[in-house]
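The values are calculated or read from the model by the stated rules, or taken from the named source; none is laboratory data. Worth saying up front: this structure is predicted, and the values here are computed from it rather than measured. All accessible areas refer to the heavy atoms of the entire protein, side chains included, with ligands and DNA or RNA removed. Shrake-Rupley method; radii C 1.70, N 1.55, O 1.52, S 1.80 Å.
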Amino acid sequence: MSVRRLPGLLARVFVLVFVALVVTGLFVEYPFPSWLVFLPLVLAWTGSIAGGRMASRDLRAARRDAVEVLPPVRGRWSALNSPADRVPSHGLHTFGQTYAIDIVTAEAPAGTAAEGQDGPAGATGGRPGFAWLWPVARRPRAFPGFGAPLVAVADATVVAADDTQRDHLSRNSLLGLAYLLLAEGEARGLAGAHRVFGNRVVLDLGDGTYAAYAHVQRGSLQVRAGDTVRAGQRIARCGNSGNTTEPHVHFQLMDHPDLEKARGIPFTWRGIGVPANGEVFDAEGAVSTG
C-alpha cells in the first residue's frame, strides 16, 4: 500500500467507526462521555485534509499538458463530475482520478447489445430519474447506457483487463444513495481500487500515458492483457460494477498502469474537448469504426 493512500484509508476507517458507534448508541448506553462519539469523525476529517495535501504535492510534481485522444464511446452522452468544472473532478486525487470524467446516456447508443449473443441489452426508453422513495433500486438493464460499446481512445496495448465482478442494482434512490455513501462506498474504498473501479480496462497509449475505463459490464471484454488495439476498436461494454449509482462510463488518463500508484493526466477528446457537467455531446463523428 502506498503512503499516499494511507491518510484516506484511515479516514474511511474512522468514518466506519463513527457510524458503528452511532448505531450502537441506539441500543446501549455508552461507557464513556457521549461527545467522544464524534472523535472518529474529527480524525476522519484530519486524515482527509492530510491526504489532500499529500496528493496536491504529487499533482504539482506530475503536472502535464492535456493529451488529445478519441472519446471512449459512440453516440450522444452527457457529462458528470467533469474536470471542466472542477479539479479534482471527483473530489480526490487517489487512484489517478484527478481529471477523471463520468458520462451517462439518455438513449441507447447504436451497437448496444440487443441480439442475445452480445450480452444483456440496455433499455430502449429514457434514463430513469432519481427516486426519492420508490423504487429503491433498479436492474442495470433499465438504463439505456448499459451494454453500450466502449472503444479504444488511441492505438494502444492492453495492460490490464478484468470483467469478473457483477453488475449490481442501481443506487439512484434516497435509500440506495445513503447505503452507497455510508456503507458500501467506504467498504469499497478500504478494499482498494479494484473494488472502487469494478471491472476495468487499462490501455498503454505510450509516452507514459495510460487510459482507464471503469465499471465495465461483466463478461463483456473483447480484449486481454497483452493485446494491441486500434483507435476506435471495441474493447468492452458499459456496465454497473464497482462504486456506482447507475450504469455509466468512468474514464481517465494517468501516468502509471497501477491505479494505486497513478497520478491523473488531463485529457481532451478530439472534436469535442472536455464537456462540462450536464453538457450533451455527440461522439459518433469523432470515433472511427472498429
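Structure notes:
- Nearest-10 value in Å² for the accessible area of Phe32, using the 1.4 Å probe: 70 Å²
- Probe 1.4 Å - accessible area at Arg263, Å² to nearest ten: 80 Å²
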